[in-house]
Amino acid sequence: MFVFRAFRSAVRAASGLVFPSLCLGCGGPLADAAPICASCVRMLPRPAPEALAGQLLARDCAEPLARRSVALWRFDPGGTVQRVQHALKYGRRPSLGIPLGRLLGDATQRHARGWAPDVVCPVPLAPIRELERGYNQSAGLASGAADALACETEDLLVRTRSTRTQTTLAFSERWQNVAGAFARSPEARPLAGVRVLLVDDVVTTGATLLAAAQPLLDAGAEVTVAALAMADG
Ligand SMILES: [Zn+2]
């Protein structure tokens, strides 16, 4: 019995670390499945309105795609946005992405006025990374965004090769690292004229998002990209 209790409290203690039951911003109680309360969400840093568009345009991204794209928060090393992103990515709780994805869907609706997706697609992880982590953190975001935008999610993309982690690479190396790393999934629907919202958790240089958008654009889709946070701006 003692062993069982000790085990149970150890599980609870561990799950308190990985399953936030308190707001990752203020430490207050949480009313729903989101890892952060509504008043902290309102205080999170936001990027300058055209920051992501500017970053993508500097990379020869088509203007309409760049102008519609959305980054909800500004990444704040050591701050609340980073804690939320870490909980999503490493917390072993894929459902955490759903309420965050709803916020991203609402932001897309506000920002890309008049544009609504037919389908939301997560940026796929390399299979080895998804195996290690047990899930793709962007898939939960895509589900939540699709929920807010009243459409479906579909895995339209596959990774054609594993890439080195972007975090250790210099800015210019990141492009070479991800170029051609994605392809349209063989099971994907025909994409000519289909409006696709492509979702990722964090955008750092835009390299991964644009590399993932390319096969969708090549297949004739109209693409908008959305990320929970962007690294600067
Ligand atoms: Zn809070």
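Here are some notes:
- Within the range 21-39, if we keep just the residues that are in contact (Cβ under 8 Å) with a residue 24 or more places away in the chain and buried (at least 19 other Cβ atoms within 10 Å of the Cβ), the residue that is nearest to the ligand (Cβ to nearest atom) turns out to be G25.
- Checked across the range 71-81, the condition of being on the phi < 0 side of the Ramachandran plot, modelled with pLDDT of 95 or more, open to solvent by less than 10 Å² (accessible area, probe 1.4 Å) and assigned to a helix (DSSP H, G or I) holds for at least one residue.
- Put simply, of D155, D147 the only residue that is within 18 Å of the chain's Cα centre (by Cα), at pLDDT 95 or above, closer than 27 Å to E50 by Cα and surrounded by fewer than 21 Cβ atoms within 10 Å (Cβ to Cβ) is D147.
- The test for being open to solvent by less than 20 Å² (accessible area, probe 1.4 Å) and out of contact with any Phe, Trp or Tyr (no Cβ under 8 Å at 6 or more places or on another chain) holds for L141.
- Residues of the range 20-44 that are out of contact with any Cys (no Cβ under 6 Å at 6 or more places or on another chain) and either part of a helix (DSSP H, G or I) or of a type in the set (S, T, Y) (or both): S21, A38, S39, V41, R42, M43.
- Of all residues in the range 45-57 being assigned to a loop (DSSP other than H, G, I, E, B) and touching a residue at least 40 places away in the same chain (Cβ under 8 Å), the one that is most open to solvent (accessible area, probe 1.4 Å): A48
- The range 179-218 - residue that is over 27 Å from P77 (Cβ atoms) and of a type in the set (D, E) and, of those, surrounded by the most Cβ atoms within 10 Å (Cβ to Cβ): D218
- Only listed residue being touching a Gly at 6+ places or on another chain (Cβ under 7 Å), within 28 Å of A183 (Cβ to Cβ) and away from the ligand (no atom under 16 Å from the Cβ), chosen from P47, P122, P94: P94
- Residues satisfying the stated conditions in the range 85-140, i.e. under 12 Å from the mean Cα position of the chain (by Cα) and assigned to a loop (DSSP other than H, G, I, E, B): V123, P124, L125, N136
- None of A183, A211, A192 is part of a loop (DSSP other than H, G, I, E, B) and free of Cβ contacts under 8 Å to residues at least 60 places away in the same chain except A192.
The values are calculated or read from the model by the stated rules, or taken from the named source; none is laboratory data. Quick caveat, the model's predicted, so the values are computed rather than measured. Using ideal geometry, Cβ is built from the backbone for each residue, glycine included, and neighbour counts are taken over all protein chains shown. Please note that ligands, DNA and RNA were not included when accessible areas were found on the heavy atoms of the full protein model with its side chains. Shrake-Rupley method; radii C 1.70, N 1.55, O 1.52, S 1.80 Å.
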